[in-house]
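Readers should treat all values here as calculations from the given coordinates under stated rules, not as data from a laboratory. Worth saying up front: this structure is predicted, and the values here are computed from it rather than measured. Note: ideal-geometry Cβ built from the backbone for every residue, glycine included; neighbour counts use all protein chains shown.
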Amino acid sequence: MPRRSPGEIRARLLPRRMHHRRAPVIHGLSASANRQITVFERRHGLPAGQVAHAFRRWSDVARRPCEKTDRFYECDDIDLRNGIYHVRTLLEITLHALRTKARRELAAAVGPADDTNLRRTLNNPFAATGLPWWMRRIDV
């Protein structure tokens, strides 16, 4: 019985995707930490790379002054009351969902942006005391 040639077998296979689309990751974090973030996003129904996007936006806020609307965006599936939340809030929720080592890595990555934001802003004495620190700040 004659065998099929490798070219004939390959011709019958479904075409493979040559360009794989990767979800955005936070550079500087280990593969394990990025994988835990991906699992967190899937568990909460967030689009892939949403936490990395929030991280980039929070870093941009720390680097340059921007409008308050740049710090907020909408999402329905995180356990927040109205679905509109601060990008730093998403990072904080993610921090609490990760394991200890990954939490330390993400906290170390977010830390410089937090420090810059604290130096560039002032405390708002009229803000509600129950809000997190990043929502009680005023741009200078």
Query raised in the report: Given H placed on each backbone N at 1.01 Å, which residues far from ARG137 in sequence or on other chains put an amide H within less than 5 Å of it?
Result: ASN124
Query raised in the report: What list of ³J(HN,Hα) couplings, whole Hz, do you get for the stretch 25-33 from phi and the Karplus terms 6.51, -1.76, 1.60, once you set θ to phi - 60° and write x for glycine and proline?
Result: 10, 8, 5, x, 8, 5, 4, 5, 5
Query - Label-point separation, ASP60 to ARG4 (7 Å along Cα→Cβ), nm - result: 5.0 nm
Query - Proximal charge balance of PRO125 [Cβ under 14 Å; K/R count +1, D/E count -1] - result: +2
Query raised in the report: Which shape class applies to the stretch 1-58: rounded if a/c is under 1.5, otherwise prolate when a/b exceeds b/c and oblate if not, where a ≥ b ≥ c are the square roots of the Cα gyration tensor eigenvalues?
Result: prolate
Requested in this report: Could you work out how far the C-alpha centroid of the stretch 24-61 sits from that of the stretch 90-125, in angstrom?
Outcome: 13 Å
Report task. With a point put 7 Å past each Cα toward its Cβ, work out how far ALA107 is from ALA128 in nm, to one decimal. Result -> 2.6 nm
**Report entry** Amide H contacts of GLY49 (H built 1.01 Å from N, under 5 Å, at least 5 apart or other chain)
**Finding:** none
